[in-house]
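A short write-up of the structure that comes next.
The values are calculated or read from the model by the stated rules, or taken from the named source; none is laboratory data. Worth saying up front: this structure is predicted, and the values here are computed from it rather than measured. A quick note on method: Cβ atoms are made from the backbone with ideal geometry, for glycine too, and the neighbour counts reach across all protein chains shown. Accessible surface is based on the protein model in full, side chains and every heavy atom, while ligands, DNA and RNA are left aside. Shrake-Rupley method; radii C 1.70, N 1.55, O 1.52, S 1.80 Å.
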Amino acid sequence: MPITVYNTLTRKLESFRPMVDGEVRMYTCGPTVYDYFHIGNARTFVMSDVIRRYLQYRGYHVTYVMNITDIDDRIIARSIERSVAASQVSDEYAAAFLEDCAAIGIRPADVHPRATDNVGAIITHIQSLIDTGSAYECEGDVYFRVSAFPGYGKLSGKKLEDLIAGARVEADTRKENPADFALWKTAKPGEPWWDSPWGKGRPGWHIECSVMSMQHLGPSFDIHAGGNDLIFPHHENEIAQSEALTHVPLAHTWIHFGFLNIDNEKMSKSLGNFFTTREILQKYPATTVRFFYLQTQYRSPLNFTQEGLDAARTGLARLHTLYAALRNAPDGSGECAIGPYEERFIEAVDNDFNTPAGLAVIFDFAREANAVLHDAEGMSREAQQACSDFLTRTAGDVFGILPSDDVTADGSGDVHGLMELILGIRAKVRAEKQWALADYIRDGLKELGIVVEDGKGGSTWKKETP
């Protein structure tokens with residue numbers, strides 16, 4: 001059976017059939033690098049990573065591209081605020097983006113194109129749109145002529161006449177139509193600029209993604225992904241400015257990820273509930289955060305809470321305990337059938353990348369494996385290896401929620417994974433009000449040079465400074 005995917009463009013579940021058998025070309029809108037990316041962005045990036053991993057698990061060769069927008073109004077504003085060059089801001093946060101992606105277990109894209117490296121191609125694309133009548137120049141700015149693209153609004157479902165009426169309130173009187181959008185912006189004094197046929201300026205945000213995706217994946221590719229907030233105007237404009245020139249679908253399947261709230265409220269710096277991924281990873285292991293995201297289907301809204309993260313850490317600890325036990329248990333005679341669970345896992349995740357259903361299969365398997373492992377007869381060495389391999393393929397390679405490093409012969413291994421297990425056990429002990437045992441664990445860790453700190457957001461740990 002083929003994978004089924006909800007296509008935002010058609011608003012229905014469809015059988016996924018790539019343009020070339022066995023190959024998938026996929027693009028995800030990456031960050032605008034003026035700050036550390038927040039936990040709402042992280043959901044998009046993690047779920048895109050999981051979709052890519054799952055397609056590879058199902059045997060596809062995936063070419064994966066995620067851009068880095070390194071010239072934008074927000075970058076310029078931050079550079080002015082800090083009195084530094086815009087390039088310094090973008091270079092700093094682009095490096096931080098890649099560091100934080102690695103920290104949360106997101107595999108690098110095959111290509112991370114940067115907008116500033118593609119300005120020449122962007123200028124060529126804009127000129128072609130002007131030559132074909134789909135764009136026009138006005139005092140050094142260039143606008144896309146939405147009336148020249150009859151399909152405008154097909155992704156978002158918005159009607160052009162409604163958009164025109166809404167845009168008239170703050171309309172630029174130089175534009176032919178209030179809904180026309182910028183492809184090229186004249187540089188203001190002190191702003192970065194590139195030479196162009198229309199004077200010194202810089203690209204608009206929307207055109208950057210169109211050109212970067214087509215530069216690396218061709219004029220038409222299989223999957224375009226991003227957050228729900230990008231459907232309009234960003235992705236709608238991408239379609240218009242691309243297809244007006246190529247006359248072929250920019251992407252055949254559009255995947256969008258649901259919104260993230262904090263304690264049932266929209267994340268906002270003014271509300272004091274704005275968290276970067278970097279901040280969250282100081283309190284919770286990456287595998288816990290990924291597991292938390294995976295418990296909700298990617299299209300659904302997600303409520304981000306400390307209680308939910310604590311529960312995720314405790315639940316994941318059970319899986320990590322089994323994973324470690326399978327590699328250290330004595331040889332026995334019991335068996336555990338892997339095939340039925342693998343079939344169920346594929347059936348679950350094939351259904352629109354249903355990660356909660358896939359996790360349910362993994363935990364059903366874990367219950368049976370634990371029962372066999374702790375039975376009087378124990379589990380055979382071959383079965384232990386098969387069970388460990390199943391967890392590696394699914395929970396590890398697809399979902400990225402297993403400890404990253406194998407335990408070595410001298411007993412050392414993934415310290416973060418081990419501490420996740422210990423803190424998960426301690427959280428359960430504290431929930432049961434076994435205070436003496438919780439203190440015993442904390443004090444024992446302190447003797448080993450690890451400081452545990454309890455707070456409203458749960459328990460965190462750090463190595464004690466000598």
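To keep it simple, each residue is scored yes or no on (1) assigned to a helix (DSSP H, G or I); (2) among the charged types (D, E, K, R); (3) over 20 Å from Y36 (Cβ atoms); (4) open to solvent by 10 Å² or more (accessible area, probe 1.4 Å).
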| position | (1), (2), (3), (4) |
| --- | --- |
| Q241 | yes, no, yes, no |
| V248 | no, no, yes, yes |
| W254 | no, no, yes, no |
| G272 | no, no, no, yes |
| N303 | no, no, yes, yes |
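Selection of segment 218-232 for residues being in a helix (DSSP H, G or I) and either modelled with pLDDT under 95 or of a type in the set (D, E) (or both) yields only D229. Reported count of residues in segment 33-90, each being out of contact with any Lys or Arg (no Cβ under 8 Å at 6 or more places or on another chain) and aromatic (F, W, Y), is 4.
Only one of the numbered conditions (1) buried (at least 20 other Cβ atoms within 10 Å of the Cβ); (2) charged (D, E, K, R); (3) in contact with a strand residue (DSSP E or B) (Cβ under 8 Å, 6 or more places away or on another chain) is violated by R74, and that is (1).
Quick check on S128: is it within 18 Å of F37 (Cβ to Cβ) and among the polar types (S, T, N, Q)? Taking the combined requirement at face value, the residue does not satisfy it. When Q215, Q127 are checked against the criterion of being open to solvent by 20 Å² or more (accessible area, probe 1.4 Å), closer than 17 Å to G30 by Cα and assigned to a helix (DSSP H, G or I), Q215 stands alone in meeting it.
The residue that is surrounded by the most Cβ atoms within 10 Å (Cβ to Cβ), counting only those in segment 317-369 that are among the polar types (S, T, N, Q) and within 22 Å of the chain's Cα centre (by Cα), is T355.
Scanning segment 78-104 for residues that are exposed (fewer than 14 other Cβ atoms within 10 Å of the Cβ) and not aliphatic (A, V, I, L, M) gives E81, R82, S83, Q88, E99.
Filtering segment 35-71 to residues that are within 26 Å of G272 (Cβ to Cβ), surrounded by fewer than 21 Cβ atoms within 10 Å (Cβ to Cβ) and charged (D, E, K, R) leaves only D35.
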